[in-house]
Amino acid sequence: MHALFFHGQTLHLLPSGALHWPAERLLVVSDLHFGKSERLARRGGSLLPPYETRATLAKLDTDLDTTKAAQVICLGDSFDDDAAAEGLDEADTLWLTRLMAGRDWTWITGNHDPGPVSIGGSHRAERAQHPFTFRHIAEPTGFAEISGHYHPKARLAGQSRPCFLADRSRIVMPAYGAYTGGLWCHAPELTALMAPDALAILTGSRALAIPMPR
């Protein structure tokens, strides 16, 4: 993992794409996009192997077990659309319910989904937990902000890898879910948002910090 001292707190950016705040026993993930293959099939799009929800749940299960997190914040787009939460098969629903049990679990509203109300947890447009604000989409004037939405990615040694972006004001999280794709760091939406000295922390077998590609 990559340890980042951010606004007086030590945060661990994990190779999986999750963020761990040890002092608060809090795990943050973004853009899970559960049910993406089901949504594409339902709308007549590309047929993908229907295993992405299970792969994402397995990764989340491992991170929760490793960090012993008591709080979880999902930063929006947790499901691929409104109907995807209802489209989970029974085994995946039970798995998610087991992960949520006994934890303070917050679903942040995304642009793909309003939050899976039927599954439980709390549902918010954003969440403030001093000194941070957690929301789905970064605000240009945001400060001590942790967000998702953009699915940033960068290339290293010829390989594309999802990444965190971090500067003095904000952290933008990578997409945690499978089949999510990404936006290159040099895209204008991200270069306009991040400071010139921003870092990209690449995920994969280990978390690796590099200057944000521009």
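Throughout, read-outs are computed from the coordinates displayed, never taken from laboratory work. Predicted model, so just to flag it, every value in this text is computed and none were measured. No Cβ is skipped: glycine too gets one built from the backbone with ideal geometry, and neighbour counts run over all protein chains shown.
In table form, for the structure just shown:
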| read-out | value |
| --- | --- |
| Packing-based order for 197-207, 120-130, using average beta carbon neighbours within 10 Å, highest first | 197-207, 120-130 |
| Normalised contact order of the range 120-181, rounded percent, pairs of Cα under 8 Å and 6 or more residues apart | 25 percent |
| Sorted peptide list for 132-140, 161-169, 62-70, criterion being average Cβ within 10 angstrom, highest first | 161-169, 132-140, 62-70 |
| HN-Hα J in Hz across the range 139-150 - Karplus 6.51, -1.76, 1.60, θ = phi - 60°, x for Gly and Pro | 9, x, 9, x, 9, 6, 10, 10, 9, x, 6, 7 |
